[in-house]
Amino acid sequence: MAGFAIVMKFLFYGFVGFLGASITSVILFLHIRKKAREYHWSSGVVFLATVAPFLILFWAIASFNLHVWISNHIAHQDCGLGLSPDPWVRLPNGYILGSANTYDGYLAAPGATTDRPVTGPGYVRSIITLKWEEPYYVGTLFDFDSNHQRDFVYDIRTQIATTSNSNHNEYIASRYGGINGNDLKISYWAGAQTRTHYDPDSYRIMLAQNHHQWPYFVFFVLFLLGASPIVLWLTRIYYL
């Protein structure tokens, strides 16, 4: 679903951008053609003014692609800007903290990949809350196999997570309304993961605190450097 959502978002923004560029291009063509006849400009001026909105759109796409590369390879995080359904960031100690499918938080050691069990060598997934208490990551997770919310302690020295046997299902059911039958597991999962947005120890807080802001400024500066000369030139000939 996350992949489909991001594709649809890009298609939407692409359609809006192309539509805006097309409408602006038509307006500029009609106006600049009239100006060209009045001031005896060459047809090249009309052509450049007509394609200028598409040049700005192309530069925006190029700037964004460069922003994505900078974010992933230099800042070591997702590109952000509301276009990442699964945000992630590399923590100062090299660990990757991410949010698969929006709710399913995960913590992975350098080079480790998450797997079907919620804990394994070098990783913890299905995280709800997370705190750093050197040399441990401590928090809570949702265990799919037992249908329990459990506490865990992850030791970065051994890269092994130890989980408790505590069962938090009664708390989840009382707060979010547990149900019986086959939907019980889904109910507990939804209740536990809803906490990721409101719990003061949510893993998403650590994710946000370690997310760098400077790549956004690089993106906007790049876009302005390329788009500003075009806009200034269009403004000058438009209001002659």
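The values are calculated or read from the model by the stated rules, or taken from the named source; none is laboratory data. Treat the numbers as computed from the prediction; the structure is a model and nothing was measured. Every residue, glycine as well, gets a Cβ built from its backbone with ideal geometry; the counts of neighbours run over all protein chains shown.
Considered as a group, the residues in the stretch 152-166 that are over 19 Å from Asp201 (Cα atoms) and not hydroxyl-bearing (Ser, Thr, Tyr) include one that is modelled with the lowest pLDDT, and that residue is Asn165.
Residue pairs whose Cβ atoms lie under 6 Å apart, sitting 6 or more positions apart in sequence or on different chains, and linking a residue in the stretch 8-35 that is in contact (Cβ under 8 Å) with a residue 60 or more places away in the chain to a partner that is among the hydrophobic types (A, V, I, L, M, F, W, C) and part of a helix (DSSP H, G or I), are Leu28/Ala49; Ile32/Val46; Ile32/Ala49. Reported count of residues in the stretch 96-136, each being outside any strand (DSSP E or B) and either under 18 Å from the mean Cα position of the chain (by Cα) or hydrophobic (A, V, I, L, M, F, W, C) (or both), is 6.
Restricting the stretch 140-163 to residues that are out of contact with any Gly (no Cβ under 9 Å at 6 or more places or on another chain), acidic (Asp, Glu) and not in a loop (DSSP other than H, G, I, E, B) leaves a set whose member that is farthest from Val118 (Cα to Cα) is Asp155. Per the listing Ala36, Ala100, Ala49, the residue uniquely of a type outside the set (Phe, Trp, Tyr) and closer than 30 Å to Ala161 by Cβ is Ala100.
Checking each residue in the stretch 51-76 for being within 22 Å of Leu240 (Cα to Cα) and buried (at least 18 other Cβ atoms within 10 Å of the Cβ) picks out Ala52, Pro53, Ile56. When the criteria are applied in full, Ser71 meets the requirement of being in a helix (DSSP H, G or I) and of a type in the set (Gly, Ala, Ser).
I'm trying to understand the selection: among the residues of the stretch 110-151, which are among the aromatic types (Phe, Trp, Tyr), buried (at least 19 other Cβ atoms within 10 Å of the Cβ) and at pLDDT below 95? Passing the criteria: only Phe142. Against the numbered list (1) in contact with a Lys or Arg (Cβ under 8 Å, 6 or more places away or on another chain); (2) of a type outside the set (S, T, N, Q); (3) closer than 28 Å to Ala108 by Cα, Leu240 comes up short only at (3).
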